[in-house]
Amino acid sequence: MAELNDDKQTPQATEPEDTAANNASGAAATTEERAGGASAPADWAAQLQAARQEAEQYKDKYLRERAEMENFRKRQERLAGERNQRYKRDLMEKVLEVMDNLDRAMHFEESMDREDLHKGLRMVHWQLEELLKTEGLQPVPAAVGEPFDPHLHEAMDSVPSAEHPEGTIVEEVRKGYLLGGDLLRPARVRVSAGATPEQQE
C-alpha cells in the first residue's frame, strides 16, 4: 500500500512546477509585448521631429529663394529706370540743339531778310526730322493720289474730284508717323469721292 501512495503523489508534485513554468513564460511574453508597445510612441515622436525639421528646412529654402527673387526684381527695375533716364537725357540733349538753332533764327529774325529766315527755318526743320528719324520715327506715306488705307490714314472728309479716282487721297491735312514700324498716329487726309455727274459730263 505504501508503494501505491508514493506513485499517486508523484504526479501531484509536478503540477505546481508546470504551472509555474507556464506563468513565467506568459509573464515574459507579456513583458516583451509591453516593451514592444512602449517603443512605438518613441518611434512616432522621432519621425514627427524629423518631419518638423525637414519642413523647417523647406521653409527656410523657400524664404531665401523668395528674397533672392525679390532682390533680382528690384535690381532689374533699377537698371531699367537708369537706362530709361540715360535715354531721356541723350534725347533731350539732341532736342536742345534743335531748340538752340531755332532760338538763333528767332533772335536774328528782324535783321535777316525773308529768304535767309526761310533758309534758317528749313535747316532747323531738317535737323529735327533727322533727329526723329534716328529715334525710329518715319512719316506715313500719304501722297496725293495714293489709295486710302484705313490702317494708316484718318479720313477728315470726302470731296468730289474729277482728277482723282474714288478712294484716293486728294490732300494731306496732317502728317502721320510710324515709330519702329508701329503706327504712332495716322495721317489725316481728304479722300476723293469721285467725279460728280456734272463733272462726268
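Points to keep in mind about this one:
- For segment 136-165, the candidate set comprises residues that are of a type in the set (D, E, K, R) and surrounded by 14 or more Cβ atoms within 10 Å (Cβ to Cβ); within that set, the residue that is farthest from the chain's Cα centre (by Cα) is E146.
- Flag if R122 is out of contact with any Asp or Glu (no Cβ under 8 Å at 6 or more places or on another chain), among the basic types (K, R), under 30 Å from M156 (Cα atoms) and outside the structural domain of E163 (by TED's automatic domain parsing): yes
- Only strands (runs of 3 or more DSSP E) whose full extent lies in segment 138-201 are considered here, and the ones with at least 1 residues that are of a type in the set (D, E, K, R) and farther than 26 Å from L128 by Cα are 153-159, 187-192.
- Test: residue in segment 99-115 that is out of contact with any Asp or Glu (no Cβ under 8 Å at 6 or more places or on another chain), modelled with pLDDT of 90 or more, aliphatic (A, V, I, L, M) and surrounded by 10 or more Cβ atoms within 10 Å (Cβ to Cβ): no
- A40 vs. criteria small (G, A, S), at pLDDT 50 or above and assigned by TED's automatic domain parsing to the domain that holds Q127: no
The values are calculated or read from the model by the stated rules, or taken from the named source; none is laboratory data. This is a predicted model, so every value here is computed, not measured. Reconstructed Cβ throughout: ideal geometry from the backbone, glycine too, with neighbour counts over all protein chains shown.
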